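Engineer: The structure follows.
Values quoted throughout were computed directly from the atomic coordinates according to the rules given, and no laboratory measurement underlies them. It should be emphasised that the depicted structure is a prediction, and the values quoted were computed from it without experimental measurement. As a convention, Cβ positions derive from the backbone with ideal geometry for all residues, glycine included, and neighbour counts pool all protein chains shown.
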Amino acid sequence: MSDIRVLVLVGSLRAASINRQLAELAAEIAPDGVTLGTFDRLGELPFYNEDIDNDAVPEPVAALRRRGAESDAALVITPEYNGSIPGVLKNAIDWLSRPFGEGALKDKPLVVTGAALGRYGGVWAHAETRKSFGIAGARVLEDLQLSVQTTAFADKHPRENAEVVANLRDIVGKLAAEVG
Ligand SMILES: Cc1cc2nc3c(=O)[nH]c(=O)nc-3n(C[C@H](O)[C@H](O)[C@H](O)COP(=O)(O)O)c2cc1C
């Protein structure tokens, strides 16, 4: 049987992003038979515009949709910006939501997690990302939630934090188990 493929989207473009490090960790601890791959070109997507959403979409959009279509599930890892979803991630959701009713992640299991500086670890952004992906057609796993305050990492890679490793391993395993 072929591997379960999980598309990973990271809501921060920052080179030293803690959320990007969480994505690295998720890939490292994925169970056998589950392959995680980050689509790391969100910064190349143009702003969503219905006028250019046609048969000749810009290449980065086509690449994102192709990766979504080839995936069995999605793991979204994001910080919170001003109490909400970072714009670069919201833009990706909008591209993935079209064609209406036929988006690349339609009915696929999707989990949202991540880290932010605030004491609640980005729960607002995570809740809104769940809401938005749900409206966009993904099957959001509402019960799998992990919002971590970045201070928990104390300038170390998240793989050094045993509790986060255990929680993320649990989430990735349960996400993969949802693939039918
Ligand atoms: C524009 C901007 C807005 C932010 N707003 C919030 C916020 O509303 N809540 C929060 O917890 N952290 C906020 N932060 C802090 C981020 O959570 C923190 O910088 C985090 O490390 C960013 O994630 P990254 O390390 O993956 O880039 C904000 C940061 C930026 C740059």
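Engineer: With Kirkwood's inverse mean 1/r over C-alpha pairs for Rh, give me the Rg to Rh ratio of the stretch 48-180, two decimals please.
Structural biologist: Working: Rg = 15.5 Å, Rh = 15.6 Å.
The Rg/Rh ratio comes out at 1.00.
Engineer: OK, next. Under the Karplus relation 6.51 cos²θ - 1.76 cosθ + 1.60, θ = phi - 60°, what is the ordered set of whole-Hz ³J(HN,Hα) values for the stretch 132-147, x standing for Gly and Pro?
Structural biologist: 3J(HN,Hα) across the stretch 132-147, in whole Hz: 5, 5, x, 5, 6, x, 6, 9, 6, 8, 5, 6, 9, 10, 8, 10.
Engineer: Another question, then. If each of GLU102 and THR151 carries a label point 7 Å out from its Cα toward its Cβ, how far apart are those two points in nm?
Structural biologist: 5.0 nm
Engineer: Let me ask something else. Give, in nm to one decimal, the length gained when the segment between ASN82 and ALA162 is fully stretched (0.36 nm per residue of separation minus the Cα-Cα distance).
Structural biologist: Fully extending the segment from ASN82 to ALA162 adds 25.9 nm.
Engineer: Still on this structure, I have one more. Beta carbons within 10 angstrom, averaged per residue: use that to sort the peptides 34-45, 78-89, highest first.
Structural biologist: Those peptides, ordered most packed to least, come out 78-89, 34-45.
Engineer: What list of ³J(HN,Hα) couplings, whole Hz, do you get for the stretch 90-97 from phi and the Karplus terms 6.51, -1.76, 1.60, once you set θ to phi - 60° and write x for glycine and proline?
Structural biologist: For the stretch 90-97, the Karplus curve yields 4, 4, 5, 4, 4, 5, 6, 7 Hz.
Engineer: Set Lys and Arg Cβ to +1 and Asp and Glu Cβ to -1, take the dipole of the stretch 4-177 about its Cα centre, and tell me which of GLY43, VAL172, PRO60 lies farthest positive.
Structural biologist: VAL172
Engineer: Another question, if that's okay. FRET efficiency for ARG119 and GLU178, Cβ-Cβ distance as r, R0 = 25 Å, nearest 0.05? Write down the numbers at each step before the final one.
Structural biologist: Numbers: r = 30 Å, r/R0 = 1.20.
E(calc), rounded to 0.05, equals 0.25.
Engineer: Using a Förster radius of 22 Å, what is the FRET efficiency between ASN54 and ILE135 based on their Cβ-Cβ separation? Nearest 0.05, please.
Structural biologist: 0.50
Engineer: Above 14 Å lies some portion of the pair distances; for the stretch 21-65, what is it as a whole percent of all C-alpha pairs?
Structural biologist: Of all Cα-Cα distances in the stretch 21-65, 58 percent exceed 14 Å.
Engineer: Continuing with the same structure: Compute the label zone of ALA62 within the stretch 1-28: residues whose backbone N is under 18 Å from the point 7 Å along Cα-to-Cβ.
Structural biologist: Inside the label zone: nothing.
Engineer: Moving on to the next point. Picking from ALA69, ALA115, ALA26, which is most flexible by a Gaussian network model of the chain using Cα springs under 10 Å?
Structural biologist: Sorting by GNM fluctuation, first place goes to ALA69.
Engineer: Ok, one more. Tabulate in residue order the Karplus-calculated ³J(HN,Hα) for the stretch 162-174, using 6.51 cos²θ - 1.76 cosθ + 1.60 with θ = phi - 60°, rounded to whole Hz; enter x for Gly and Pro.
Structural biologist: 4, 5, 5, 4, 5, 5, 5, 4, 4, 5, 5, x, 5
Engineer: Still on this structure, please answer the following. Expressed as an acute angle from 0 to 90° and rounded to the nearest 10, what is the orientation of the C-alpha long axis of helix 18-29 relative to the principal long axis of the chain?
Structural biologist: 80 degrees
Engineer: Given the rule -39500 (n - 2.57) for each run of at least 4 DSSP H residues, summed and divided by the residues of the chain, what is its mean residue ellipticity at 222 nm, to the nearest 500 deg cm²/dmol?
Structural biologist: -11000 deg cm²/dmol
Engineer: Find the Cα radius of gyration of the stretch 7-107, compare it with 2.2 N^0.38 Å by division, and give the number to two decimals.
Structural biologist: 1.08
Engineer: For the stretch 4-177, what is the number of Lys pairs with C-alpha distance below 21 angstrom, counting only pairs 8 or more positions apart or on separate chains?
Structural biologist: Count of close lysine pairs: 8.
Engineer: Another question, if that's okay. Using the count of nearby Cβ atoms within 10 Å as a rough guide to exposure, how do GLU163, GLU178 rank from fewest to most?
Structural biologist: Working: GLU163 9, GLU178 16.
Result, fewest neighbours first: GLU163, GLU178.
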